[in-house]
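Here the structure comes first, spelled out in structure tokens, and everything after it is commentary.
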Protein chains: 2
Amino acid sequence: MKDKAVDVERALDASVPRSLDDPAALVFDSMRYSLLAGGKRVRPILTLASCELFGGPPEAAMPTACAMEMLHTMSLIHDDLPCMDDDDLRRGSPTNHKVYGDDIAILAGDALLTYAFEYIARETPRVAPQVPADRILRVVVETARSVGADGLVGGQVVDIKSEGQPVGIETLEYIHEHKTAALLESACVCGALLGGASDADVEKLRKYALNIGLAFQVVDDILDVTATSEELGKTAAKDLQSDKTTYPKLFGLERSQEIAAELICEAKLQLAGFDPSRAAPLLGLADYIGYRKN
Amino acid sequence: MKDKAVDVERALDASVPRSLDDPAALVFDSMRYSLLAGGKRVRPILTLASCELFGGPPEAAMPTACAMEMLHTMSLIHDDLPCMDDDDLRRGSPTNHKVYGDDIAILAGDALLTYAFEYIARETPRVAPQVPADRILRVVVETARSVGADGLVGGQVVDIKSEGQPVGIETLEYIHEHKTAALLESACVCGALLGGASDADVEKLRKYALNIGLAFQVVDDILDVTATSEELGKTAAKDLQSDKTTYPKLFGLERSQEIAAELICEAKLQLAGFDPSRAAPLLGLADYIGYRKN
């Protein structure tokens with residue numbers, strides 16, 4: 001997993017050009033500032049590992065892996081804006097709009113969102129000509145659906161509109177499924193598609209991803225209570241302060257930890273039919289997500 | 001052209017669902033509010049006419065035509081935000097953020113941007129299975145490039161950063177080529193690609209589009225001086241008030257009108273080698289753009 005993270009880091013750095021003499025160089029700076037600000041690179045690693053599960057070569061999945069991180073970064077930049085979650089700190093550094101201003105932050109997000117699709121559609125045929133073009137189109141569709149009004153954006157809308165209101169488990173699950181699980185889902189599904197998976201196997205990866213996606217968010221809620229700002233690289237206890245509905249608030253800390261463990265277990269069950277050595281990275285990632293400390 | 005506009009209007013209405021019982025219904029409302037607020041539908045009509053020039057059926061181009069309008073609408077929503085151009089009026093109605101708030105307006109723009117790519121990649125193979133998948137991938141790449149940091153976004157960045165500063169003709173052309181011409185270019189190029197054009201013919205359409213794109217913006221600058229807010233459906237004399245560099249300011253009104261006419265002439269020359277009856281819609285669109293009154 002560490003090797004993969006190093007590969008992803010190098011590929012991300014190469015994906016967005018510096019363009020020093022471009023009149024719009026500022027927006028490239030802003031895109032790179034957030035894209036290369038560290039982070040766990042969970043989504044790209046999931047894409048690479050899902051491709052690998054079906055014997056696909058890493059280069060076939062790398063453009064899409066990078067696109068997943070561009071999309072994740074874009075959603076963070078826009079969510080952090082003053083008119084949304086109003087966050088000053090992200091991954092231990094000032095948020096994009098704090099450095100570049102709200103206008104450039106919005107535009108950098110727009111550019112990363114757009115570039116993700118350009119990068120999948122342009123680079124995949126170039127580096128992996130053996131992947132059929134109709135598979136790459138399916139990757140574009142899956143990825144877009146996970147980011148738009150039926151995915152990330154829909155989750156953020158409901159999250160914003162629920163603020164300061166009592167929220168039940170259904171709404172909380174809607175938010176988590178859309179804000180977090182959707183992109184993890186497309187990260188895995190697209191990796192599987194690029195690795196040549198059958199439709200039935202693609203659906204197994206989808207279920208795996210939805211379970212780790214929900215677990216990811218339950219753990220996020222738990223860490224907001226149990227970790228410090230230094231450990232998280234972002235403001236801790238923010239949910240508590242804003243009286244946000246979270247898993248610990250609805251179920252208590254102990255039951256929340258059980259829920260996370262159950263979801264991880266359910267995710268790993270989806271991989272039971274695969275060659276254990278090939279499935280090992282995805283099994284390890286599930287544990288990592290369920291038991292991480294930041 | 002009027003028939004095509006009616007077809008586009010119907011297709012746009014069908015493209016974004018109402019989703020009344022979706023928890024994120026608000027963002028669908030906001031997307032539809034701006035997408036269906038009228039407008040001249042120049043970009044979708046260009047896509048349809050460019051496809052038609054090469055004998056392609058309209059259904060092959062319609063998903064991409066709709067996507068062009070989604071992208072144009074998205075750029076208007078974000079450009080109108082208080083932290084950007086701060087506009088209250090658009091096409092005679094309150095701008096998106098005035099109705100839905102800044103947060104939802106940003107998210108509706110993000111959703112339209114994403115949905116444009118989903119719609120091209122999902123709908124084109126469904127309604128026009130004869131179009132090769134690798135052509136559709138090229139459409140995704142061309143479209144994305146025209147919207148991102150090398151297109152619309154880049155133009156908007158330089159436009160914002162030039163505000164209140166003396167701007168020369170080079171910067172003015174950069175802004176117009178990126179903010180306006182780039183999307184008209186991909187509208188035409190993608191129509192040609194979907195109609196089965198050769199690479200040489202695609203490049204002719206690209207030149208046609210760049211010329212009408214620049215002309216479009218020169219005329220916009222002229223109308224800011226000569227038309228009323230009622231005629232424009234948006235605030236008139238805004239450039240004058242903000243002391244913005246425009247063609248009339250740099251060259252005077254008369255020379256600006258000459259420049260527009262020259263660009264339209266250059267655009268039409270690119271179509272000289274085509275069957276005149278098939279080229280008629282694109283020739284007419286060039287004249288419409290060069291001599292429009294709003």
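Coordinate-derived values only; no laboratory data. Please read all numbers here as calculations on a predicted model, not as lab measurements. Neighbour counts are summed over all protein chains in view; Cβ atoms, including those assigned to glycine, are modelled from backbone coordinates with ideal geometry.
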Next on the checklist: I'd like the Karplus ³J(HN,Hα) series for region A:190-207: coefficients 6.51, -1.76, 1.60, θ = phi - 60°, whole numbers in Hz, and an x wherever there's a Gly or Pro.
Outcome noted: 5, x, 4, 4, 6, x, x, 5, 6, 4, 5, 5, 4, 5, 4, 5, 4, 5
Next on the checklist: Label position 7 Å from Cα toward Cβ: report the copy-to-copy distances for B:Ser93 in nm, one decimal, ordered from shortest.
Outcome noted: 4.1
Next on the checklist: With a 10 Å cut-off between alpha carbons and a GNM built on chain B, which of B:Asp110, B:Asp134, B:Asp13 moves the most?
Outcome noted: B:Asp134
Checklist entry - How far is it, in nm, from the label point at A:Lys293 to the one at B:Ala280 when both lie 7 Å from their Cα along the line to the Cβ? => result 7.6 nm
Checklist entry - Using a ≥ b ≥ c from the Cα gyration tensor of region B:2-291 (square roots of the eigenvalues), is it rounded, prolate or oblate, where a/c under 1.5 gives rounded and otherwise the larger of a/b and b/c decides, a/b for prolate? => result oblate
Checklist entry - In percent, how large is the relative contact order of chain A, given Cα pairs closer than 8 Å and 6 or more residues apart? => result 19 percent
Checklist entry - With θ set to phi - 60° and the Karplus curve 6.51 cos²θ - 1.76 cosθ + 1.60, what are the ³J(HN,Hα) couplings of region B:141-146 in order, to the nearest whole Hz, using x for Gly and Pro? => result 5, 4, 5, 4, 4, 6
Checklist entry - In whole angstrom, how far apart do the alpha carbon centroids of region A:38-97 and region A:108-159 sit? => result 12 Å
Checklist outcome for this item: Sorting from shortest, the nanometre distances separating the label point of B:Gly168 (7 Å past Cα along the line to Cβ) from those of the same residue in the other copies are 6.6
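Is the C-alpha gyration tensor of region A:1-90 telling us rounded, prolate or oblate? Criteria: a/c under 1.5 is rounded; beyond that, a/b larger than b/c is prolate, otherwise oblate.
Working: a/c = 2.56, a/b = 1.51, b/c = 1.69.
Oblate.
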Item to check | Residue order, fewest to most beta carbons within 10 Å, for A:Thr95, A:Thr235, B:Thr47, B:Thr180 | outcome: A:Thr235, B:Thr180, A:Thr95, B:Thr47
Checklist outcome for this item: Counting sequence-distant residues (5 or more places) and residues on other chains, those with an amide H built under 5 Å from that of A:Ala128 are none
Next on the checklist: Using 20 Å as the Cα-Cα cut-off, could you pick out the over-long pairs in B:Lys161/B:Lys293; A:Lys2/A:Lys204; A:Lys98/B:Lys161; A:Lys179/A:Lys238; A:Lys207/A:Lys249?
Outcome noted: B:Lys161/B:Lys293; A:Lys2/A:Lys204; A:Lys207/A:Lys249
Checklist entry - From the phi of every residue in region A:65-76, what ³J(HN,Hα) in whole Hz does the Karplus formula 6.51 cos²θ - 1.76 cosθ + 1.60 yield, where θ is phi - 60° and glycine or proline is x? => result 4, 5, 4, 4, 6, 4, 5, 4, 4, 4, 5, 5
Checklist outcome for this item: Exposure-ranked with fewest Cβ neighbours within 10 Å first, A:Val158, A:Val99 stand as A:Val99, A:Val158
Next on the checklist: I'd like the distance between the alpha-carbon centres of region A:222-294 and region B:247-294, rounded to an integer number of Å.
Outcome noted: 60 Å
Checklist outcome for this item: Amide H contacts under 5 Å for B:Arg90, restricted to residues at least 5 apart in sequence or on another chain and with H modeled in the peptide plane, are B:Thr95
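Mind checking the full-extension length gain between A:Glu170 and A:Glu231? Use 0.36 nm per residue of separation minus the Cα-Cα distance, one decimal, nm. Walk me through the intermediate numbers first.
Working: separation 61, 0.36 × 61 = 21.96 nm, distance 3.00 nm.
Extending this stretch completely gives an extra 19.0 nm.
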Checklist outcome for this item: For the B:Glu254, A:Ala14 Cβ pair and Förster radius 45 Å, calculated FRET efficiency rounded to 0.05 is 0.35
Item to check | chain B - mean residue ellipticity at 222 nm from DSSP helices (-39,500 (n - 2.57) per run, n ≥ 4, rounded to 500) | outcome: -23500 deg cm²/dmol
Checklist outcome for this item: Once the dipole of chain A is set up from charges on Cβ (+1 Lys and Arg, -1 Asp and Glu), the residue from the list A:Leu81, A:Pro23, A:Pro132 lying farthest towards its positive end is A:Pro132
Checklist entry - Taking all pairs of different Cα atoms in the protein assembly as shown, averaging 1/r and flipping that mean, what Kirkwood radius in angstroms comes out? => result 24.6 Å
Checklist entry - In nm, what does the list of distances from B:Cys265 to its counterparts in the other copies look like, shortest first, when each label sits 7 Å along Cα to Cβ? => result 8.0
Checklist outcome for this item: Rounded to one decimal in nm, the spacing of the 7 Å Cα→Cβ label points at A:Ser242 and A:Asp86 is 1.0 nm
